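Here's the structure we're looking at; comments come further down.
All of the numbers you see were taken from the coordinates with simple rules; none came from a lab. Predicted, not measured: the structure shown is a model, and the values here were computed from it. Cβ sites come from the backbone with ideal geometry, for glycine too, and all protein chains shown count toward neighbours.
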Protein chains: 2
Amino acid sequence: MLQRYCQQPSIAAQQVGIAETVRLVKEMAKQAGGEVSVFDDCGGNPVICAEFAAGPRGNRDKTLLFYNHYDVQPPEPLDEWTYPPFGAEIHDGKVFARGAADNKGDLTVRLQAIIALRENGGLPCNVKFLIEGEEEIGSPSLPAYLEKYADQFKADACIWEFGGKNMDGQPQMVAGIKGMCYLQLWCHGADVDLHSSNGAIVDNAAWRLVQALASMKSVDHRILVDGFYEDVASLTPELVQYAEEQPFHAERMKEHLGLRRPLISGDENPNLHLWYAPTMTICGIESGYTGDGSKTVLPRRAQAKLDCRLVPNQDPDDILEKVRRHLHRHGFTDVEVSQVNGERAYRSEMNHPFVRMVKETAREAYGVEAVMAPTSAGTGPMYPFGEYLGHSLPIVSTGCGWWNSRAHAPDESIRIEDFEQAMLHMVLLLNRFGETQG
Amino acid sequence: MLQRYCQQPSIAAQQVGIAETVRLVKEMAKQAGGEVSVFDDCGGNPVICAEFAAGPRGNRDKTLLFYNHYDVQPPEPLDEWTYPPFGAEIHDGKVFARGAADNKGDLTVRLQAIIALRENGGLPCNVKFLIEGEEEIGSPSLPAYLEKYADQFKADACIWEFGGKNMDGQPQMVAGIKGMCYLQLWCHGADVDLHSSNGAIVDNAAWRLVQALASMKSVDHRILVDGFYEDVASLTPELVQYAEEQPFHAERMKEHLGLRRPLISGDENPNLHLWYAPTMTICGIESGYTGDGSKTVLPRRAQAKLDCRLVPNQDPDDILEKVRRHLHRHGFTDVEVSQVNGERAYRSEMNHPFVRMVKETAREAYGVEAVMAPTSAGTGPMYPFGEYLGHSLPIVSTGCGWWNSRAHAPDESIRIEDFEQAMLHMVLLLNRFGETQG
């Protein structure tokens, strides 16, 4: 099932293979015994709902929701892959494919766990799946489907799409996610590119954008946009403790990624920054001539992409307004800004019994201590799940990846050993969840 | 002759048509009666030397040197041309072609003037041409040829490659040229692009480069590199007068180019800045993802191209060192800088009789007051002419272009009327030059 699924391209950004993938996922869920509905009446790629009723000895009062996505990132650059990105070849105990780790492996793990449980007496609780097809392009249509079909997706707890083993071999899970305010900035200086000798009298879109960006973040990484931090709650001792409990292998990370500079967290535990600090990252900047050699041009336009990771209570629309006000206040009225996409952060209550249960069953399945972080440093559409299914919905993300799974990059892979342990974890979790009362 | 020459592609950057063009230019110069040598023993594209002796009644003690180049800029973007770039089609009294204004029209003007003089009693003085083929890529090989063949190119005065009519219909000439220090800056942060959620702990090459650039120039256009201005001579009243005598149509320029911002010269005459102020212009900057929509990437590298136009006494190698020291002093030890090319400024003595003669004969040929500026805002390889042929060599640039000739841009053109006036100017100048003594 895993190889067949990984061999099917499903690239949302390029609209490749979407219809075929929807048919395949539907068939896979049906094979596992599910009732499948495909919703396509709120725009975008279809959202698949698969429902599995508790077995005869199962708990019909408890419903677990799984969130997955069938779309994957584009496989480019193709020449950097050792194995074909949609070949799903197995080498050294790993399955190599675009989407193996993000997120086709996890859907397969979960369906296999359900098949196993059904073959051994039936499901211990009700199970639902929400499988969308636009996660890799920011889930633009998902909130509309969640709002319209909230009753269909209602559940007592939710297992999120991803996760994997860290460098120490521990399963790493998160109970929340950061938000996002992705901005595009651009500056137009003239109708045409000019000869650069005009730099003596004509203002330059590239310089304007560089100066505007520099005004927004200090060299020591403080975001200088007025009020940027005002909705950020101060850290509780409990949150600090979670971060400090988890070791961070800074040197190994620096070596593995070839980092040239010290981590900006300095002497502090990097988890404190990764989990709790909002960010402002230049994802891209472009202006003028950037080919070989020299071209003496004064560029007419410049653009930049800026990714702000947000923490709970920060609102992406509010951040956009603050950036806009900052630019005006500093005289950069010629620099325009718009939001490409925005998502709010979400955090489950760390003391919720479900959160503790996921961690405990992980320890049992994997045979090592599991790590539960209050949040991922990354982003995903968790907030609308809370918004439409209930703000107290506990959501935990766990999955079959590993620390070098290379999601979004060439040679994405999962390890078959991890796949099997993740499946065992899901079996244990569903059993334990079915035993809970109230 | 003009159309044939303009139809011959000769793109130095792409090494297109160089050999064919050298043959064609050789043939054109021979047709005009010249002795032609082709030098190719100092690397790069060949340098053509054409010599024409004074006629029987001419002054054999006086030699005028013409500097031209046979190479042109690449014609791209091709789809923005109204007429084919190497078609040399004539429409509305204009010849449209890549290189028509820069600089094939001027070579043809000069050869036609020589043909006319030779048909009417012979040349009034000796004439030489230096025609190189790498001007559009920064003339890297020219100094070596000038050094080796200095005796062959020795002359009493030099007419430079370009010029044209300004918006008021006056011939606009220059007696000097700015220098250039073209720099490439780059910053490497990691071996791989990272997921942008790492922005909370990992330094970002794009931010580093933006901050480094912002440290080098203030929002009000002051270059902040220590010592950048230290070799700049203060303006003499004479230089100020030249600048202020010449009107500058700021509003027309702003409208024509669609400039969004006020000129940075403020209330001052823009000529003061264009002619006398060194500059630092971002010609290009690039990092990360700049396509449509969003990609949440933390880019591993960033690069920028920076063009500094220099004034007399500034040394491009010294400017490179100052930028390097500035970056280190401000902690940007991870930002590397190298020089792509460098040229020093050159200025003829404005009171030299030859400079005055070019201006006077222009007034006679064009029937309007001519404008002689001490320098162009642009750059060219004038300095090595002084270095190898004598630092007191008077060099004046004049040509057959017009204010909207669009050199380096699509729809480059010259007007046939201007071509004829420029030819008359050259005839008058050669005659007057032949009459000078001593």
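Work the Kirkwood hydrodynamic radius out for the stretch B:95-139: mean of 1/r over every pair of different alpha-carbon atoms, inverted, in Å. Please report the intermediate quantities before stating the final value.
Details: mean 1/r = 0.0815 Å⁻¹.
Evaluated on the stretch B:95-139, it is 12.3 Å.
Tell me what chain A gives for mean residue ellipticity at 222 nm when only DSSP H runs of n ≥ 4 count, each as -39,500 (n - 2.57), the sum divided by the residue total, rounded to 500 deg cm²/dmol.
-9500 deg cm²/dmol
Let me confirm one metric for peptide B:260-270, namely the mean number of other chain beta-carbon atoms within 10 Å of its residues' beta-carbons.
4
Based on the alpha carbons, how large is the Rg to Rh ratio for the stretch B:70-224 when Rh follows Kirkwood?
1.13
Based only on the alpha carbon positions, what is the Kirkwood hydrodynamic radius of the stretch A:263-334, in angstrom?
Radius from the Kirkwood sum: 15.5 Å.
What is the helix-to-structure angle for B:205-214, meaning the angle in degrees between its Cα long axis and the longest Cα principal axis of chain B, kept from 0 to 90 and rounded to the nearest 10?
Result, in degrees: 60.
If you count the DSSP beta bridges with both ends in chain A, what percent of them are antiparallel, to the nearest 5?
About 70 percent, rounded to the nearest 5.
Toward the positive end of the charge dipole of the stretch B:133-257, about the Cα centre and with charges on Cβ (Lys, Arg +1; Asp, Glu -1), which of B:Leu239, B:Gln211, B:Gly169 goes farthest?
The one lying farthest along the dipole's positive direction is B:Gln211.
Over the Cα atoms of the protein assembly as shown, what radius of gyration and what Dmax do you get, in Å?
34.7, 121
Once each part is reduced to its C-alpha centroid, what is the distance from the stretch B:127-152 to the stretch B:73-106 in angstrom?
Taking the Cα centre of each part, the stretch B:127-152 and the stretch B:73-106 sit 25 Å apart.
Alpha carbon centre of the stretch B:1-51 versus the stretch B:400-433: separation in Å?
20
Provide Rg and Dmax in Å for the stretch A:264-417, with only Cα atoms included in the calculation.
So, for the stretch A:264-417, Rg and Dmax equal 20.8, 65 Å respectively.
In straight Cα distance, which lysines are under 16 Å from A:Lys217, not counting same-chain residues fewer than 8 positions off?
Cα-Cα hits under 16 Å: A:Lys305, A:Lys322.
Given the protein assembly as shown, what percent of its DSSP beta bridges are antiparallel, to the nearest 5?
70
Once the piece of chain linking B:His195 and B:Glu420 is laid out straight, how much longer is it, given 0.36 nm per residue of separation minus the C-alpha distance between them?
74.8 nm
Would you mind finding the longest exposed-site-free stretch of chain A, with exposed trypsin sites (Lys or Arg not before Pro) meaning DSSP loop and at most 15 other Cβ atoms within 10 Å? Let's see the in-between values first.
Numbers: sites that count: A:Arg57, A:Lys154, A:Arg222.
The answer is A:223-438.
I need the peptides A:261-267, B:183-189 ranked by packing, meaning the mean over residues of other C-beta atoms within 10 angstrom, with the highest value on top.
B:183-189, A:261-267
Enumerate the residues in the stretch A:270-310 having an amide nitrogen under 13 Å from the point lying 7 Å beyond the Cα of A:Ala250 toward its Cβ.
A:270-274
Placing unit charges on C-beta atoms (Lys and Arg positive, Asp and Glu negative, everything else neutral), compute the dipole magnitude of chain A about its Cα centre in debye, rounded to 20.
Rounded to the nearest 20 debye, it is 160 debye.
Checking the cross-link filter: which lysines have an alpha carbon closer than 22 Å to that of A:Lys254, excluding same-chain neighbours under 8 positions apart?
The qualifying lysines are A:Lys165.
Partner chain Cβ atoms within 10 Å, averaged over the residues of A:338-345 - can you pull that number for me?
Per residue, the average neighbour count from other chains is 1.
Which angle from 0 to 90°, rounded to the nearest 10, does the C-alpha axis of helix A:18-31 make with the longest principal axis of chain A?
20
Any idea how far the Cα center of the stretch B:264-339 sits from the one of the stretch A:267-341, in Å?
Each part reduced to its Cα centre gives a spacing of 20 Å.
Tell me, what are the semi-axes, in whole angstrom and largest first, of the equivalent ellipsoid of chain B as set by the roots of 5 times the Cα gyration tensor eigenvalues?
Working: eigenvalues 330, 118, 96 Å².
Semi-axes, largest first: 41, 24, 22 Å.
I need the calculated FRET efficiency for the pair B:Gln152 and B:Ser338, taking r as the beta carbon distance and R₀ as 35 Å, to the nearest 0.05.
It comes out at approximately 0.55.
What is the antiparallel percent of DSSP beta bridges lying wholly in the stretch B:31-130, to the nearest 5?
65
Please list, by residue number, everything in the stretch B:205-242 whose backbone N is under 16 Å from a paramagnetic label point 7 Å out along Cα→Cβ of B:Glu268.
B:218-224, B:228-242
In B, who owns the beta-carbon nearest the axis carrying B over to A, and how many Å from it?
Residue nearest the B-to-A axis, with distance in whole Å: B:Ala214, 2.
Given H placed on each backbone N at 1.01 Å, which residues far from A:His195 in sequence or on other chains put an amide H within less than 5 Å of it?
So A:His195 has HN proximity to A:Leu298.
Counting partner chain Cβ atoms within 10 Å of every residue's Cβ in A:306-318, what's the average?
Numbers: counts 3, 10, 2, 6, 0, 0, 0, 0, 0, 0, 0, 0, 0.
Across A:306-318, the average partner-chain Cβ count within 10 Å equals 2.
Would you kindly work out, in nm and rounded to one decimal, the distances from the label point of A:His195 to those of the same position in each other copy, ordered shortest first, with label points 7 Å along Cα-to-Cβ?
Sorted ascending, the copy-to-copy spacings read 5.1 nm.
Compute, for the protein assembly as shown, the length of the dipole vector about the Cα centre, with Cβ point charges of +1 (Lys, Arg) and -1 (Asp, Glu) only. Units Debye, rounded to 20.
Here the protein assembly as shown has a charge dipole of around 20 debye.
Starting from 0.36 nm per residue, how many nanometres of slack lie between B:Glu349 and B:Arg222 once their C-alpha separation is accounted for?
Working it through step by step, the gained length comes to 42.8 nm.
What angle do you read, to the nearest 10 degrees and between 0 and 90, between the alpha-carbon axis of helix B:353-366 and the longest principal axis of chain B?
80
Within the stretch A:220-261, what residues put their amide N at less than 19 Å from the label point 7 Å along the Cα-to-Cβ vector of A:Met167?
Only A:243-261 pass the distance filter.
How big is the shadow of the Cα convex hull of the stretch B:151-260, averaged over all directions, in nm²?
Value for the stretch B:151-260: 14.5 nm².
How high is the relative contact order of chain B, given as a whole-number percent (alpha carbon pairs under 8 Å, six or more residues apart)?
26
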